[in-house]
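Asker: To start, I am sharing the structure in question, which I have written as structure tokens.
The values are calculated or read from the model by the stated rules, or taken from the named source; none is laboratory data. Everything numeric here is computed off the predicted structure, so don't read it as measured data. Glycine gets a Cβ as well: all are built from the backbone with ideal geometry, and neighbour counts include every protein chain shown. Note: accessible area is taken over every heavy atom of the protein model, side chains too, but ligands, DNA and RNA are not part of it. Shrake-Rupley method; radii C 1.70, N 1.55, O 1.52, S 1.80 Å.
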Amino acid sequence: MLGKPALVALALASTASGLISSPGGLRQGLSAHRRPRLSRALPTASAVVDAPAATSDKVSAENPLHVVIAGAGVGGLALANAFHGVPHVKTTVLEKTSKFKRFGGPIQLASNAMQVLREMDGDMYDNIEGKATFTGNLTNGIKDGIRNEWYAMFDLKNPASNRGMPYTCVVERPDLQEILLNRLDDGVVTNAAGVSGYHQEANGPLTITLEDGETVSADVLIGADGIWSSVRAEMHNNEAKGETSGATYSGYTVYAGELDYASPDNGEVGYKVYIGPQQYFVITDIGNGRYQWYAFLAKPVGTAESDILLKPAIDTGDGCRAGNPAYLRGVFEGWAPDIHDIIRATRNDEIEQRDLYDRPPSINKPWTEGRVALLGDAIHAMMPNLGQGGCQAIEDAQVLSEVLSGLESKSSASVAEALATYKDRRLVRSAAVQGLSRFASDIIIRGFDTPAKVVDGRFENFNYAGIVTRMLQPILPVFFKIQFAFLYTGYRNEAGVKDVATGLGLLVVGGGVLLAFAAVAADAGLLLAFGVESAAGLLEGGGILETLQGVGLDFF
């Protein structure tokens, strides 16, 4: 039986594309952009119902399509910006928080999201680029968390440059939100206006209800209100948050630290993923001498409170502060010095612990209902391992803007058809990214081990998981190349033949090679005969890339 370690390379390929997406919410911003409450003069539900029928459903600058967006996070603001300058679309963004304030850490914008933003508006992209710290053109990779040796490098630079795309970068979330807000006209965004639900008549009007009972009429409602979406709860007829909400605890908690840090590899390394038994640790450069790190642990829900007594009340002898730093020092005992150095440099108040929630891919759950559709975390919340949560919301926004901007009629049938097209274009790609993000955590934490190695004539960690991990090492570049081809080639969500071929290559070729090499690795007798190092050398000389390209699988 192959077991979990047989699948580790696909999980590593999923994780390798980035972990910068903050596990927290997306909707905090800047106090300078506080917006007024909605005017009571807006149409109420009764006014909408009792008003005479519109003289025409034809969309025009004089009779624009009114799109209401619930939520001023990255996805909601990206959609509002995509409509900016479209004369026949009127946009209203309803934000629950009473004011915007600076809150939240960096967000990763991978090449696919940066390309969408560049095509959306060149000036806006230039402003984002000016605030970005680029990591995709630096050294990035996976390290043996125990030995502190590079285990696998992955190339983010060439897959982007070969396609004429920007490099992957990180941007402070408040800076990104400020740029997106500044481009919108006054009155587009309204604070203290959380959406609680909606009602639509068959072939009739759409009425949106706010948390204070106020109502707003619109032609379209987009639920961009996050993982605990009230719009989704209304559509799926369940709780916004709770046991029936569809969001589940992932089984993982993350400690996230952010600090000023003089890293010895500053300017050379973008981020490093340290892997080992039952946990992993990430260090990333977020620019201007600041670093962020994540410690991913398999823990029951609620350990931020239940484990409080496990956290030392005094500093450790080697300089780790009391609380989370001293606790994590023990959790990562025996791991690489780089990990202990950055934990030691972090104050307790610079560390936040969050339990991670996500949703299974929404294959059988509706994305749309009549004039209403869901965007981003509201429909495909995902683990942060691919660094694609915000990126996929931006892709949602671009597709929604395309299908809605092209409408010539406001009729219920026309709007519903456009939103169904959005779902059809986004479903498979977002589900693939969402599923791989969750799969990565499960396999890396529960199935990965320190690679087996021959050291001074003796075997280290020569168990099943260690052997498989070592044997898979030289073929990981194949999976990285296929993965980045999938992410970067398909950002337009056109569902073309090339996108399908790339996805099939990832699943069929990747799965076949994984199973074949896992089966070889399981034969410990064969490995003993050749030695771990010799067996790896045979794999490295096997011409894997040439073989795949030779049979027409040229994704690169």
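Asker: Give all pairs with beta carbons closer than 9 Å in which a residue from region 469-488 that is touching a residue at least 12 places away in the same chain (Cβ under 8 Å) meets a residue that is open to solvent by less than 10 Å² (accessible area, probe 1.4 Å) and among the charged types (D, E, K, R); count only pairs at least 6 apart in sequence or on separate chains.
Answerer: Listed pairs, sorted by first residue: none to list.
Asker: Which of the residues belonging to region 395-432 are among the hydroxyl-bearing types (Ser, Thr, Tyr), farther than 14 Å from GLY370 by Cα and surrounded by 18 or more Cβ atoms within 10 Å (Cβ to Cβ)?
Answerer: Across region 395-432, the qualifying residues are SER401, SER430.
Asker: What is the residue count in region 96-133 for residues that are more than 20 Å from the chain's Cα centre (by Cα) and not in a helix (DSSP H, G or I)?
Answerer: Matching residues across region 96-133 total 8.
Asker: OK, next. So which residues in region 137-164 are in contact with a Lys or Arg (Cβ under 6 Å, 6 or more places away or on another chain) and free of Cβ contacts under 8 Å to residues at least 24 places away in the same chain?
Answerer: Answer for region 137-164, where residues must be in contact with a Lys or Arg (Cβ under 6 Å, 6 or more places away or on another chain) and free of Cβ contacts under 8 Å to residues at least 24 places away in the same chain: just TRP150.
Asker: Yes or no: VAL189 under 23 Å from ASN81 (Cβ atoms) and touching a His at 6+ places or on another chain (Cβ under 9 Å)? Talk me through it step by step, then tell me what you get.
Answerer: Details: under 23 Å from ASN81 (Cβ atoms): yes; touching a His at 6+ places or on another chain (Cβ under 9 Å): yes.
So VAL189 fits the description; yes.
Asker: Anything in region 164-189 that is in contact with a strand residue (DSSP E or B) (Cβ under 7 Å, 6 or more places away or on another chain) and open to solvent by 10 Å² or more (accessible area, probe 1.4 Å)? List them, or say none.
Answerer: If the condition is that a residue be in contact with a strand residue (DSSP E or B) (Cβ under 7 Å, 6 or more places away or on another chain) and open to solvent by 10 Å² or more (accessible area, probe 1.4 Å), then TYR167, GLU172, VAL188 are the ones that fit.
Asker: Scan region 293-325 residue by residue and report those that are open to solvent by less than 10 Å² (accessible area, probe 1.4 Å) and more than 22 Å from the chain's Cα centre (by Cα).
Answerer: Hits for region 293-325 are THR303, CYS320, PRO325.
Asker: If you go through region 72-119 one residue at a time, how many are buried (at least 20 other Cβ atoms within 10 Å of the Cβ) and not small (Gly, Ala, Ser)?
Answerer: 21
Asker: To continue, here is another question. If you go through region 332-362 one residue at a time, how many are farther than 14 Å from PHE296 by Cα, of a type in the set (D, E, K, R) and at pLDDT below 95?
Answerer: Residues in region 332-362 being farther than 14 Å from PHE296 by Cα, of a type in the set (D, E, K, R) and at pLDDT below 95: 2 in total.
Asker: So, in region 363-383, of the ones that are open to solvent by 10 Å² or more (accessible area, probe 1.4 Å) and not charged (D, E, K, R), which residue ends up modelled with the lowest pLDDT?
Answerer: Step one: filter region 363-383 for residues open to solvent by 10 Å² or more (accessible area, probe 1.4 Å), giving 363-366, 368-371, 377, 382.
Remaining after also requiring not charged (D, E, K, R): 363-364, 366, 368, 370, 382.
Values: ILE363: 74, ASN364: 77, PRO366: 93, THR368: 97, GLY370: 96, MET382: 88.
Checked region 363-383; the qualifying residue modelled with the lowest pLDDT is ILE363.
Asker: Sort out which residues of region 439-473 are at pLDDT below 80 and open to solvent by 60 Å² or more (accessible area, probe 1.4 Å), and write them in order of number.
Answerer: Within region 439-473, ARG446, TYR464 qualify.
Asker: Counting residues that are within 18 Å of PHE83 (Cα to Cα) and touching a strand residue (DSSP E or B) at 6+ places or on another chain (Cβ under 7 Å), which helices (runs of 4 or more DSSP H) fully inside region 311-422 reach at least 1? Spell out how you get there, then give the answer.
Answerer: On the way: elements: 324-331, 337-344, 377-380, 389-405.
Here the list reads 389-405.
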